[in-house]
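What follows is a single structure, written as structure tokens, with notes after it.
Values quoted throughout were computed directly from the atomic coordinates according to the rules given, and no laboratory measurement underlies them. What you see is a predicted model; the values in this text were computed from it and never measured. Glycine also receives a Cβ, built like all others from the backbone with ideal geometry; neighbour counts cover every protein chain displayed.
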Ligand SMILES: [Zn+2]
């Protein structure tokens, strides 16, 4: 009888240990945890086309996963990159094209300036903007001065449980997070033959679980360290002043969809001064990124 109890106790302890290590294994090696950068995430794929092929695998995973509630919400959550990881005097200008009823215009004057002065820039394109500007989109995508990246499908804050920002309701489930990223991703790939590597949500808000989902889809979430035009609300001198606060490795966030804003004029004012100060302009993908 006593032997039976001892044996059962050993069995129980053994089982507990096995379950514990299985959980640890799963936590570190299977789910892509952004605090464990050295481990290969399950769904990581090449940035070219594979992330589109593997979306169903990611979908299945999150359909069955029981996610704990996210702990962070905002622009600066774990896993979001805000700077180039360098102390060289380089700046990566990023311009969002947000789309929607008040955001589907095209700042021709801004893009012309960048072309005339050969200033490289990274363009975060939303699906709604793309739909309204297909020809311009293709023209920009074919220009080696620009890189096309993913600014979401419906321009939603990226949440696994419906958190919102600026009065916009965010995505409300992992499924919706995946759609918000991948509908636009697939469309851009289809039109250009190249899948974006970087994602920035509408409103630039996230929770950390949503950021992990994006990483598992093979993209990196990129925000900014210089608020360049505050949603295209700054005056030209406001934009100029913001851009002049850039330092080595800065990522300014500006807009290319609001031609009546101060953005183009502010960029025209600031760029020559930054060049004079020794800065050069680069694409996001030329450097490693850091938080
Ligand atoms: Zn936007």
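Some points to look at:
- In plain terms, the residue of 55, 160, 90 with the fewest other Cβ atoms within 10 Å comes first and the most crowded comes last, giving 90, 55, 160.
- Shape call, region 117-266: gyration tensor on alpha carbons, a/c limit 1.5: oblate
- Sorting the segments 277-288, 163-174 by their residues' average number of neighbouring beta-carbon atoms within 10 angstrom, most packed first, yields 163-174, 277-288.
- One decimal place: the segment residue 78-residue 244 gains 57.1 nm when fully extended, by the rule 0.36 nm per residue minus the C-alpha distance.
- In a fully extended conformation the segment linking residue 194 and residue 89 would gain 34.9 nm over its present Cα-Cα distance, using 0.36 nm per residue.
- Extension gain, residue 276 to residue 60: 0.36 nm times the residue separation minus the Cα-Cα distance gives 72.6 nm.
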